[in-house]
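Data first, discussion second: the structure below is written as C-alpha cells.
The values are calculated or read from the model by the stated rules, or taken from the named source; none is laboratory data. Owing to the predicted nature of the structure, the values given are computational and were not obtained by experimental measurement. Cβ placement follows ideal geometry from the backbone for every residue including glycine, while neighbour counts extend to all protein chains displayed.
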Amino acid sequence: MSTFKRIISAALAAALALSLCSCGEKPTRSVDEQGVLHLDLEETEVSYKDSLTDDSADYSQEALEKMKSETHYIEDSDVPALYKYFDGRVRIGVAFGANQITDPEDRNTKGIAKHYNIYSLGNEFKPDCINPAEGVYNFEHADNFVEFGAKAGAYVRGHTLLWHSQIPQWWFKADPADTRSLADCAAADALCTSEVLQERITKYITDVVTRYKDTVQVWDVCNEVLNADGIRRIADDSYWADIMGDIDGDGYYDDYVEVAFRAARAADEDAFLMINDFNMEWQGSKTKAMYDMIERLMRKGVRVDGVGFQSHISVDCDVATYRRNIEKIAGLAEVYDECFPEHKGEFRIQITELDMNMFVGSLAEKSFYKWTDEDFKRQAIKYKELMDMFMEFVDRDLIDAIIFWGTDDENSWLNSTPKLRRNAALLVDRDFSLKPAFYAIAEAAFTKTEE
Ligand code: XIL
C-alpha cells in the first residue's frame with residue numbers, strides 16, 4: 001500500500017473509531033488497514049451475561065422439576081441460564097432482530113444475553129441489508145450484533161452470504177442502476193455475465209468475511225441452494241445458477257456455491273464455513289442431493305466445515321425420519337476427514353433455525369386460535385423428543401449448536417409466514433413467561449444418551 005493510501009486509511013479508521021463511540025467514551029471498535037473490525041471491550045462489559053443470573057440459581061433436575069409448576073419470566077435472575085444446563089456439551093442459541101438488543105435494561109435483551117451462547121441475526125446480516133447498492137455497505141447492525149455477541153461471551157453466526165432471497169437485485173444486472181425487475185432484465189437480455197457475477201459475489205464475500213474475521217465464528221456461506229429434487233434452487237427472485245452456469249463443465253450447476261466457498265476460505269483460512277438448508281429434515285431426496293453436492297465439492301478441495309438443518313418443524317413431525325436424515329449428513333464427516341486430514345474431526349452439523357408450527361391437523365386452516373396449556377404440553381413433549389435425538393449426535397461430537405429462530409412467540413416469523421396467523425412456535429410466551437417447552441429443552445440436558 002502506498003504511503004498516501006496508508007495515511008488515508010489510518011485517518012478513515014480513526015474517524016470510524018471516533019464515530020462509533022459516544023462523546024467522552026473510549027472507542028470500542030476500530031477497523032484496521034486490512035478492513036478487519038476489532039473490538040476493545042472492558043472486562044465489566046464482558047461480564048454482563050453472568051451478572052444476569054444469581055449465584056443461587058439451582059441447575060439440578062429436582063429444581064427444574066419444581067420450576068415447572070411456577071411462573072417464571074425470561075429475565076428472572078434466580079432462573080438458571082438455559083445454555084448452562086448443557087455444561088459446554090452443545091451451544092444453545094437464538095435468532096433476533098437488531099432492534100432487540102439496543103437496550104441492556106430491556107427484559108428481552110437480558111433474556112437473550114442470559115440464556116443463550118450462540119446468536120444469529122434474523123435479517124440484518126443478509127446481503128440486501130448490508131450491500132443495497134453498488135459501492136454501499138451498511139455495517140451498522142452487523143457491527144452492533146457482533147459487539148453484543150462478544151459482550152455476552154457468545155458465538156455469532158453470519159447468516160447468510162449467499163441466498164436466493166433477501167439479496168441485492170443489482171448483483172444480477174448488467175447495469176447495476178437498471179430499475180427494472182430481474183424478470184424484465186432477463187427478458188431484455190440485460191442480466192450481467194457469469195464473470196461479472198463471480199466478481200461481485202467474490203468482492204462481497206471477501207469484504208464481509210474479512211471485516212468479521214475476528215468477531216464471527218460461523219458462516220452460513222450458502223443458504224437454500226437445492227430444490228426438493230436436489231438439482232438446484234430455481235427461485236423467481238434470483239438467477240445464481242442461470243447466470244453463473246457450469247463454469248468447470250462437470251455437468252453440475254453448483255459452481256456458484258463453489259465460487260462462494262472459495263472466496264470465503266480465501267478471506268479467512270480458519271473460518272467455520274457451512275451450508276444451510278430447509279426440509280432436509282423430511283426429504284430424503286434433498287438430503288441425498290446435499291450429501292452428493294458437498295462430497296463433490298470436498299473432493300475438489302472445497303472445505304465445507306458443516307451443514308445446517310434449519311428445522312422449521314411442526315408439532316406433529318416425525319423424529320425418526322429426521323434422525324435418519326441427520327445420520328445421512330453425518331456420513332460426510334468421513335469424507336471430510338479423508339479430504340482434509342489436517343482438520344480431522346472438525347466437521348459439524350448445526351440445528352440453525354429451530355421453531356415449531358402449531359397449526360396442524362384440524363387447526364391447519366385456522367389463523368387465530370387460543371392456545372391452551374394442553375397445546376403447550378404437547379409442544380413441550382415434541383421439543384423434548386427432538387432434543388433427545390439431537391443430544392445423541394451431540395454426544396457423538398457431530399451437533400455442536402442448536403439455535404431457535406426467534407426469542408418468543410410474538411417475535412416469530414411464523415406469525416406471518418406462510419400467512420398471517422397467531423402461531424406459538426417458541427419457548428417463551430407473548431408475556432415473556434417461560435413455556436413448558438423451555439423446561440423441556442433444559443430437561444434434555446439430563447437425558448442419558450447411549451454410547
Ligand atoms: C426469515 C426472517 O425470520 C423473516 O423476518 C424474513 O421476513 C424472511 O426471512 N430460512 C432462513 C431465514 O434461512 O433467513 C429466514 O428468515 C427463515 C427461513
Quiz prompt | Of all residues making up the stretch 80-103, the number that are under 15 Å from Thr407 (Cβ atoms), away from the ligand (no atom under 16 Å from the Cβ) and either in contact (Cβ under 8 Å) with a residue 12 or more places away in the chain or buried (at least 17 other Cβ atoms within 10 Å of the Cβ) (or both) | solution = 5
Quiz item: Can you find a residue in the stretch 298-306 that is within 16 Å of the ligand (Cβ to nearest atom) and either modelled with pLDDT of 95 or more or closer than 30 Å to Ala440 by Cβ (or both)?
Solution: yes
Quiz item: Taking the stretch 116-128 on its own, how many of its residues are outside any loop (DSSP other than H, G, I, E, B) and within 11 Å of the ligand (Cβ to nearest atom)?
Solution: 3
Exercise. Within the stretch 411-441, track down each residue that is touching a residue at least 12 places away in the same chain (Cβ under 8 Å) and out of contact with any strand residue (DSSP E or B) (no Cβ under 9 Å at 6 or more places or on another chain).
Key: Lys419, Leu420, Arg421, Arg422, Asp429, Arg430, Pro436, Tyr439, Ala440
Quiz item: Just one of the numbered conditions (1) aliphatic (A, V, I, L, M); (2) over 23 Å from the mean Cα position of the chain (by Cα); (3) modelled with pLDDT of 95 or more is not true of Ala183; which one?
Solution: (3)
Quiz prompt | Selection count where residues are touching a Lys or Arg at 6+ places or on another chain (Cβ under 7 Å), aliphatic (A, V, I, L, M) and more than 16 Å from the ligand (Cβ to nearest atom), scope the stretch 353-379 | solution = 0
Quiz prompt | Selection within the stretch 271-287 - within 14 Å of the ligand (Cβ to nearest atom), surrounded by 23 or more Cβ atoms within 10 Å (Cβ to Cβ) and not in a strand (DSSP E or B) | solution = Met280, Glu281
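Mind counting the residues in the stretch 402-451 that are of a type in the set (Val, Ile, Thr) and more than 20 Å from Gln350 (Cα to Cα)?
Number satisfying all stated conditions: 2.
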Quiz item: In this structure, is Phe309 within 16 Å of the ligand (Cβ to nearest atom) and touching a helix residue (DSSP H, G or I) at 6+ places or on another chain (Cβ under 7 Å)?
Solution: yes
Practice problem: Take the stretch 398-441 and flag every residue that is more than 12 Å from the ligand (Cβ to nearest atom), under 16 Å from Lys110 (Cβ atoms) and not in a strand (DSSP E or B). | Solution: Asp408, Leu427, Asp431, Phe432, Phe438
Exercise. Only residues that are within 16 Å of the ligand (Cβ to nearest atom) and at pLDDT below 95: list them for the stretch 150-165, please.
Key: Trp163, His164, Ser165
Quiz item: How many residues does the stretch 334-390 contain that are surrounded by 14 or more Cβ atoms within 10 Å (Cβ to Cβ) and assigned to a loop (DSSP other than H, G, I, E, B)?
Solution: 7
Quiz item: Among the residues of the stretch 288-295, is there at least one that is out of contact with any Ser or Thr (no Cβ under 6 Å at 6 or more places or on another chain) and outside any helix (DSSP H, G or I)?
Solution: no
Exercise. Output the qualifying pairs, or none if there are none: Cβ atoms under 7 angstrom, residues six or more apart or on different chains, first residue in the stretch 117-135 and more than 9 Å from Arg157 (Cα to Cα), second residue more than 16 Å from the ligand (Cβ to nearest atom) and polar (S, T, N, Q).
Key: Cys129/Asn138; Ile130/Asn138; Pro132/Asn138
Quiz item: Can you find even one residue in the stretch 426-443 that is out of contact with any Asp or Glu (no Cβ under 6 Å at 6 or more places or on another chain), at pLDDT below 95 and surrounded by fewer than 24 Cβ atoms within 10 Å (Cβ to Cβ)?
Solution: no
Quiz item: Does any residue of the stretch 300-320 turn out to be surrounded by fewer than 20 Cβ atoms within 10 Å (Cβ to Cβ), more than 29 Å from Gln34 (Cβ to Cβ) and charged (D, E, K, R)?
Solution: yes
Self-check item: Unique match (being in contact with a Lys or Arg (Cβ under 7 Å, 6 or more places away or on another chain) and among the hydroxyl-bearing types (Ser, Thr, Tyr)) among Thr179, Thr160
Solution: Thr160
